[in-house]
Amino acid sequence: MAVVTLLWGCLAPVLYVLVVLLSIAFLAYCAYIKYIHMKYDHIPGPPRKSFIFGHMGAFLEATKNDRLVFDQLLEWSERYGPVYRLNMFHRVIIGVTCPEATKEILMSPKFPKDKSFHKRIFYMFGQRFLGNGLVTAVDHDLWYKHRRIMDPAFSSLYLRGLTGTFNERAEKLMERLSEEADHHAEVSMLKLMNCVTLDVIAKIAFGVELDVFDNSSPFPKAIETCLLGLLSCARDLFFEFKPKNRAFIKEVREACRLLRSTGTQWINDRKKAMQNGDDVPKDILTQIIKSAGQEEDMTKEDEEVMIDNFVTFFIAGQETTANQLSFCIMELGRHPEILEKVKQEVDDVIGMKRDISYDDLGNLTYLSQVLKETLRLYATAPGTNREIIMDVKINGLHVPAGVTAMFSSFVTSRMEKFFKDPLKFDPDRFHPDAPKPYYCYYPFALGPRSCLGLNFAQMEAKVVMAKLLQRFDFSLVPGQSFDIKDTGTLRPKSGVLCTIQHRLNQ
C-alpha cells in the first residue's frame, strides 16, 4: 500500500500536467476550428451537425445506409447554389457546379490535386496502392514526366492498329453470350462486362491471356476489394482503427499486393524479353517500356511509378468501362424505341461483318450518342478535386485560398439548369447539331489531368456494344432494381440481369 501511495505521489503531478497540456491543445484546436468557420462561413452550405466533425456524419450515414453520396451532393448543389461549403474537422471543402469556375480551375495546371486525399490512397492501410500514378500524382513535374512516357501508347494512330485485337477479345464475349442464349439462362451483364473489359485490358495493354470467363481469375474480386477499400479510406478517417474492420483491411492489403506483384512480374518479363531480342507484342506495355527507356534519369521510384500506373490503368481501364457498358445495356432495355434505333444503325453500318473496322466505329454516330448519354446519367468515375492555393471568385463569391474544390460530372449532369428533364435518357442531347454542354459534362475530367484512356475506353465500348447489338436481343429480368451502387466507381446495383436471345436475322 505504501508503494502504491508513493507511486501515485510521483505520477499524479505528471498526469496533472499531461491533462492540462492536452486540455490546452484541445482548446487551441477548437479555437482554430472556430477561426476557420469565421473565415469561410460566408460561403453558403448545409448546417453542421457537429462543431468538430462538421459534415462527416452525413457521408458516414449515407455509406452505412447504402445511399449514394452523390445524390446528397446533388441536393446540396441545388439548394445552396453553384458553390457551397462543407466542413470536416479544420478542413473546408467546397462543392463547385459553376461552369466558368469549373473551366478556370480544371483547365489550369495551377491547381493541384488534393494532397490529403493523395496520402490516403498512396498507401492504403499500410500497403502501397496507387502511389504516384498518373491519376494520383500531385507533383506536376513528376506527373508530366510520366504522362510524357505514357502518351505514345494512347495516340489515335496506335489505337487504330489495335482494332483487330478489340474485335478478337469481344468475340470471346460473343461466344459466351451465345452459350447463354442457347441455355435460355438469366445472366448478369455487369459480370460479363467485367470479364470482357478485364480480358481486353490484359491482352491489349499487357499482352497477357487471362481465363476470365471461367470464373477462376482472382483479379475481378481483387479490383472490387481495392475499390471498396479506397471508398472506406475516403469516407471514414477512422476506418483503419476500428477493430471490426480488421478482416476486411487484411483482404484489401492482400488484393493490393496481388495487383502490384502481378504488375511487377509482367513488366519484368516484358523487359527481359525485349533485352533478349525476342518478338514482343506491339502493345501498350511495350510502348511504356520503350518510352521509359528514353528517359536519362530513371530511378527506383520511377520503376515503382510504372507499377503504380499499371495498377491505375488495370483498375480504371477495366472497371469504369464495364460499368458504362452495363448501364448502357440497362437503359437500352428500359427504352425499346432507342434500342431499335441503335440496332438499325449497327445493321446499316456493319451488316453481317464480324470484324468491325476503325472507320466503322466513326460511322456509328447514334451509338456514340447513346454511350455519351449513358455517361451523362452515370458518370462511372463521378468526381475529382483540386486544391485552391490562391484566392478566387466563384459566381461573384470570394473564396479564400486553403480549401479543396470538389467537382462532379454526375452532379452537374443531373441538374435541370444544365440539362432539361435531366433524369430522362435522351441520346439526342449529343446529336452532332445539338449545342455542346458548357463545362457541366466531363465524365473523363477536363484539362491537362483529363483521362489518358478516354479514346481507348470508348473504342472498346463501341466494339463490344456494336457486336452485342448486331447478334443478340436482350430483355431485362422484371422486378430488378435500377439503383446505383457506389464502390469507389458507380455501378448498377442489380448487376443488370438479362435474358439473351439470338437475333433472328443473324
Please verify whether GLU251 is within 30 Å of PHE53 (Cα to Cα) and of a type in the set (Asp, Glu), treating the condition exactly as stated.
yes
Just give me the residues in the stretch 130-143 being of a type outside the set (Gly, Ala, Ser) and either in contact with a helix residue (DSSP H, G or I) (Cβ under 7 Å, 6 or more places away or on another chain) or at pLDDT 85 or above (or both), in sequence order.
LEU130, ASN132, LEU134, VAL135, THR136, VAL138
Among the residues of the stretch 174-197, is there at least one that is closer than 18 Å to PHE310 by Cβ and either polar (S, T, N, Q) or part of a helix (DSSP H, G or I) (or both)?
yes
Among the residues of the stretch 245-253, are any out of contact with any Gly (no Cβ under 6 Å at 6 or more places or on another chain), more than 20 Å from ALA381 (Cβ to Cβ), surrounded by fewer than 18 Cβ atoms within 10 Å (Cβ to Cβ) and at pLDDT below 90?
no
What residue, among those in the stretch 68-123 that are part of a strand (DSSP E or B) and basic (Lys, Arg), is farthest from VAL135 (Cα to Cα)?
ARG85
Filter result for GLU179 (more than 25 Å from ASN268 (Cα to Cα), among the acidic types (Asp, Glu) and without any contact (Cβ under 8 Å) to a residue 12 or more places away in the chain)
yes
Among the residues of the stretch 460-477, is there at least one that is of a type outside the set (D, E, K, R), at positive phi and surrounded by fewer than 20 Cβ atoms within 10 Å (Cβ to Cβ)?
no
When you scan the stretch 324-334, do you find a residue that is of a type in the set (A, V, I, L, M) and either over 22 Å from SER494 (Cβ atoms) or not in a helix (DSSP H, G or I) (or both), even just one?
no
ASP360 vs. criteria in a helix (DSSP H, G or I), over 30 Å from THR487 (Cα atoms) and either modelled with pLDDT under 95 or not hydroxyl-bearing (Ser, Thr, Tyr) (or both)
yes
Take LYS113 and tell me if it is touching a strand residue (DSSP E or B) at 6+ places or on another chain (Cβ under 7 Å), under 29 Å from LEU377 (Cα atoms) and of a type outside the set (Gly, Ala, Ser).
yes
Pair list, Cβ under 6 Å, 6 or more apart: the stretch 342-366 residue polar (S, T, N, Q), other residue in a loop (DSSP other than H, G, I, E, B)
none
Run ASN309 past the list (1) over 22 Å from ILE201 (Cα atoms); (2) within 25 Å of the chain's Cα centre (by Cα) and report the number of the one that doesn't hold.
(1)
Just a yes or no: is a residue in the stretch 315-332 touching a strand residue (DSSP E or B) at 6+ places or on another chain (Cβ under 8 Å), surrounded by 13 or more Cβ atoms within 10 Å (Cβ to Cβ) and β-branched (Val, Ile, Thr)?
yes
Please verify whether LEU227 is touching a Gly at 6+ places or on another chain (Cβ under 9 Å), buried (at least 21 other Cβ atoms within 10 Å of the Cβ), not in a loop (DSSP other than H, G, I, E, B) and not β-branched (Val, Ile, Thr), treating the condition exactly as stated.
no
Residue pairs meeting the criteria (Cβ under 6 Å; at least 6 apart or on separate chains; first in contact (Cβ under 8 Å) with a residue 60 or more places away in the chain, in the stretch 305-334; second crowded, with 24+ Cβ neighbours inside 10 Å and acidic (Asp, Glu))
THR321/GLU460
Selection from the stretch 50-75 of residues that are surrounded by fewer than 13 Cβ atoms within 10 Å (Cβ to Cβ) and farther than 22 Å from GLY402 by Cα
LYS64, ASN65, ASP66, GLU75
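The values are calculated or read from the model by the stated rules, or taken from the named source; none is laboratory data. Quick caveat, the model's predicted, so the values are computed rather than measured. Because the Cβ atoms are built from the backbone with ideal geometry, glycine has one as well, and the counts that use them run over all protein chains shown.
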